[in-house]
Amino acid sequence: MALKIIDHGTKEYQQMVQLRTDILRKPLGLHFSPEELEKEKLEILIGAFEEEKMLGCCMLITLDPATVRLRQMAVLNNVQGKGIGRALMQFAENIARDRGFRKITMHARQSAVGFYEKLGYAVSGEEFEEVSIPHFIMEKSL
């Protein structure tokens, strides 16, 4: 499996949008707007690949000089539980560290809190609703 930063607008980016649509958006009846996708030009886009096929992805968004936010973490349903999410998280943390960030934060779906806790993230604050489902803010110092 290859982990890499991908460029906005490329064939790999199109795979990323499709994967996030299939895993994160369609089940909730949601779609990306052109404006949302345009903003992603500013983000660090990360993909996990087996040859040319994207298995998983996530992105990092700068919040301030010390903090980055993880967003849109998605892994193909048929390969979940095989370490791809863990590898993506470690890769994202290393990129954030290399770029001088000291903390990662995220809005984690309630169903994923246990996964992130195993990787050293802690819940910060109360449950809230986002995209119609329960989430928690989670954080980790790098």
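Would segment 37-44 turn up any residue that is in contact with a strand residue (DSSP E or B) (Cβ under 7 Å, 6 or more places away or on another chain), modelled with pLDDT of 95 or more and part of a strand (DSSP E or B)? Yes; the residues of segment 37-44 include at least one that is in contact with a strand residue (DSSP E or B) (Cβ under 7 Å, 6 or more places away or on another chain), modelled with pLDDT of 95 or more and part of a strand (DSSP E or B).
For segment 24-45, name all the residues that are among the small types (G, A, S) and surrounded by 14 or more Cβ atoms within 10 Å (Cβ to Cβ). Give the derivation first.
Quick first cut of segment 24-45, residues among the small types (G, A, S) only: 29, 33.
Once the filter is applied, which keeps residues that are among the small types (G, A, S) and surrounded by 14 or more Cβ atoms within 10 Å (Cβ to Cβ), segment 24-45 yields nothing.
Summed over segment 86-142, the residues that are in contact (Cβ under 8 Å) with a residue 24 or more places away in the chain, part of a strand (DSSP E or B) and surrounded by fewer than 13 Cβ atoms within 10 Å (Cβ to Cβ) give a count of 2.
Does R86 satisfy the criteria of being among the basic types (K, R) and in contact with a strand residue (DSSP E or B) (Cβ under 8 Å, 6 or more places away or on another chain)? So R86 does not fit the description; no. When P65, P34 are checked against the criterion of being of a type outside the set (G, A, S) and at pLDDT 95 or above, a single residue qualifies: P65.
Here the condition is being at pLDDT 95 or above, closer than 15 Å to A2 by Cβ, surrounded by 15 or more Cβ atoms within 10 Å (Cβ to Cβ) and among the aliphatic types (A, V, I, L, M); of A74, A48, it holds for A48 alone.
The values are calculated or read from the model by the stated rules, or taken from the named source; none is laboratory data. Because the structure is a prediction, the values reported are computed rather than measured. When we count neighbours, we look across all protein chains shown, and the Cβ atoms used for this are built from the backbone with ideal geometry, even at glycine.
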